[in-house]
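The values are calculated or read from the model by the stated rules, or taken from the named source; none is laboratory data. Just so it is clear, the structure is predicted and the values come from calculations on it, not from any experiment. Please note: Cβ atoms are built from the backbone with ideal geometry, for glycine as well, and neighbour counts cover all protein chains shown.
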Amino acid sequence: MTADNRLVWIILGEPSGDLLGSALLTILRQQYPNITFRGIAGPLTERVGQFVSLFPYTDICHMGIGSIVKNGIFLIKRYYQTVRAICAQRPDLLLTIDCPEFSLRVSRAVRNVTKRVHCVAPSVWAWRKGRAKTLAQKTDYLLHLFEFEKNFFSDLPCFWIGHPLADQVPAHKDEFLHAYPEIVSSHCLIAILPGSRLSEIKNCWPVFKQSVENLKNTIPFLQSVVITLPEYEKIFVKDGYLTVTNPLLKRSVFANSAAALACSGTVTLELALCKTPTVIGYRVHPVLAWGLRRLIKTPYVGLSNVLAQEMIAPECLQENFTSEYVTKALKTLLECCENQDIQKGFQKILSNVRTPQGFSLTGARVIAKILGLPEYL
């Protein structure tokens with residue numbers, strides 16, 4: 001038996017987790033080729049880990065109380081199936097990545113079977129702060145993406161590994177310009193990101209579209225491009241908008257854009273890391289908004305603003321999510337995009353999300369240490 005012969009079990013339940021899992025496993029596989037991986041994962045992590053998921057990882061990817069209740073019996077079956085598999089295989093380590101409603105329940109159930117590591121801290125800084133106290137019962141170690149999160153988890157060994165978005169190579173402007181020669185580099189360009197789900201697009205696109213049309217009446221030669229998924233492209237093409245569906249071009253679009261208009265989400269962090277001034281627009285059902293206002297403790301909604309601890313990306317939310325408010329916010333941003341406070345905010349975000357060695361190497365080294373593997377150079 002070699003020194004690095006270990007069995008590592010993985011649980012993740014959505015595409016973002018699949019990206020994180022594959023990045024960590026790539027380094028672990030390179031440095032410790034005799035590790036065996038098993039578990040529940042997406043195609044990227046399966047390929048790198050050289051295993052077949054116990055069942056499709058989409059089975060445990062449910063958002064919102066309605067979806068969880070609707071699929072409750074099915075999720076319970078998957079829960080017991082997963083616990084039985086872990087107890088039977090007795091891995092040296094269980095790595096759970098996000099998907100806390102399912103993965104941490106399983107992790108708690110196998111506490112006497114294996115060492116447990118959870119990657120991606122619950123957003124206790126935003127709501128339900130009590131989760132920080134109970135997390136120590138559900139896992140043994142925490143890998144967190146944002147530097148400031150360590151202050152919330154004093155009862156648990158925490159390791160800041162950074163965010164993978166901060167490790168991406170800066171984009172070249174020419175990539176987008178070569179792919180789309182109709183774009184004039186000397187004219188103002190706005191990137192529009194109306195969401196990755198159809199419900200978000202239906203909610204955001206009418207306001208986003210009208211806001212850009214308003215700006216075109218005041219800014220000569222204004223250009224715009226919608227960044228979307230291939231399955232939604234026809235929605236925007238029908239309205240006469242240029243679209244980009246190639247994810248490899250996204251950061252090049254950001255680099256060429258004077259400003260961006262985005263619904264809230266991780267993309268606001270990606271825009272900030274590209275130093276693209278952004279307006280955030282979003283609206284939820286009034287009843288849900290009423291509840292969220294009583295739960296959320298942070299003064300900001302956009303992740304970029306939370307990390308900067310100031311409003312560097314104007315937020316047009318709920319009753320302020322109208323074309324009039326969004327147009328005004330965009331126009332103001334375009335007029336002061338070189339604002340020093342915004343630029344300092346971008347730098348503050350970077351220091352909160354990038355570790356010296358990067359997400360993959362830092363995370364893999366922590367996992368290897370917990371497994372008792374010899375340290376590599």
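Restricting the search to region 52-82, which residues are buried (at least 17 other Cβ atoms within 10 Å of the Cβ) and modelled with pLDDT of 85 or more? Hits for region 52-82 are 53, 54, 57, 59, 60, 75, 78, 82.
So which helices (runs of 4 or more DSSP H) are wholly in region 301-377 and hold at least 1 residues that are buried (at least 18 other Cβ atoms within 10 Å of the Cβ) and among the hydroxyl-bearing types (Ser, Thr, Tyr)? Explain how you work it out, then say what you get.
Details: elements: 303-308, 323-335, 340-353, 359-371.
So the answer is 303-308, 323-335, 359-371.
Against the definition (closer than 20 Å to residue 316 by Cβ and of a type in the set (S, T, N, Q)), how does residue 245 come out, yes or no? Answer is no for this residue.
Residue 196 passes every criterion in (1) in contact with a helix residue (DSSP H, G or I) (Cβ under 7 Å, 6 or more places away or on another chain); (2) within 21 Å of residue 268 (Cα to Cα); (3) outside any helix (DSSP H, G or I) apart from (1). Inspection of region 220-228 finds a residue satisfying the criterion of being surrounded by fewer than 17 Cβ atoms within 10 Å (Cβ to Cβ), in contact with a Cys (Cβ under 9 Å, 6 or more places away or on another chain) and at positive phi. Of everything in region 208-264 that's of a type in the set (Gly, Ala, Ser) and touching a Phe, Trp or Tyr at 6+ places or on another chain (Cβ under 6 Å), which residue is nearest to residue 189 (Cα to Cα)? Going through the qualifying residues, I end up with 252. Pairs are defined by a Cβ separation below 7 Å, a sequence spacing of at least 6 or placement on different chains, a first member in region 342-362 that is in contact (Cβ under 8 Å) with a residue 12 or more places away in the chain and in the same structural domain as residue 277 (by TED's automatic domain parsing), and a second member that is among the basic types (Lys, Arg) and surrounded by fewer than 18 Cβ atoms within 10 Å (Cβ to Cβ); the pairs so defined are 346/275. The set of residues from region 301-338 being within 16 Å of residue 271 (Cα to Cα) and at pLDDT below 85 comprises 301, 302, 337, 338. Checked against the criteria, residue 40 does not count as farther than 19 Å from residue 368 by Cβ, β-branched (Val, Ile, Thr) and modelled with pLDDT under 95. One residue alone among 96, 82 is touching a helix residue (DSSP H, G or I) at 6+ places or on another chain (Cβ under 6 Å) and not in a helix (DSSP H, G or I), and that residue is 96. Residues in region 199-212 that are surrounded by fewer than 17 Cβ atoms within 10 Å (Cβ to Cβ) and touching a helix residue (DSSP H, G or I) at 6+ places or on another chain (Cβ under 8 Å): 210 alone.
Within region 244-253, being closer than 19 Å to residue 205 by Cα and not β-branched (Val, Ile, Thr) holds for one residue alone: 250. When region 130-144 is filtered for residues that are at pLDDT 95 or above and either closer than 22 Å to residue 307 by Cα or hydrophobic (A, V, I, L, M, F, W, C) (or both), the ones remaining, listed by number, are 142, 143, 144.
For region 222-237, indicate whether the set of residues that are small (Gly, Ala, Ser) and modelled with pLDDT of 90 or more is non-empty. Walk me through it before giving the result.
As a first pass, look at region 222-237 and keep what is small (Gly, Ala, Ser): 224.
Narrowing the set further to residues that are modelled with pLDDT of 90 or more leaves 224.
Checking region 222-237: at least one residue is small (Gly, Ala, Ser) and modelled with pLDDT of 90 or more.
Taken as a whole, the structure places residue 289 among residues that are surrounded by fewer than 17 Cβ atoms within 10 Å (Cβ to Cβ), among the small types (Gly, Ala, Ser) and at pLDDT below 95.
Considering only residues that are of a type in the set (S, T, N, Q) and in a strand (DSSP E or B), look in region 212-267 and name the one that is farthest from the chain's Cα centre (by Cα).
Of everything passing the filter in region 212-267, 223 is farthest from the chain's Cα centre (by Cα).
Answer yes or no as to whether residue 225 is touching a residue at least 12 places away in the same chain (Cβ under 8 Å) and closer than 18 Å to residue 316 by Cβ. In short, no.
State whether one or more residues within region 120-127 are touching a Leu at 6+ places or on another chain (Cβ under 9 Å) and farther than 23 Å from residue 304 by Cα. Before the answer, list the steps.
Within region 120-127, the first condition is being touching a Leu at 6+ places or on another chain (Cβ under 9 Å), and the residues that meet it are 120-122, 124, 126-127.
Checking the rest, the ones that are also farther than 23 Å from residue 304 by Cα come to none.
No, the conditions are met nowhere in region 120-127.
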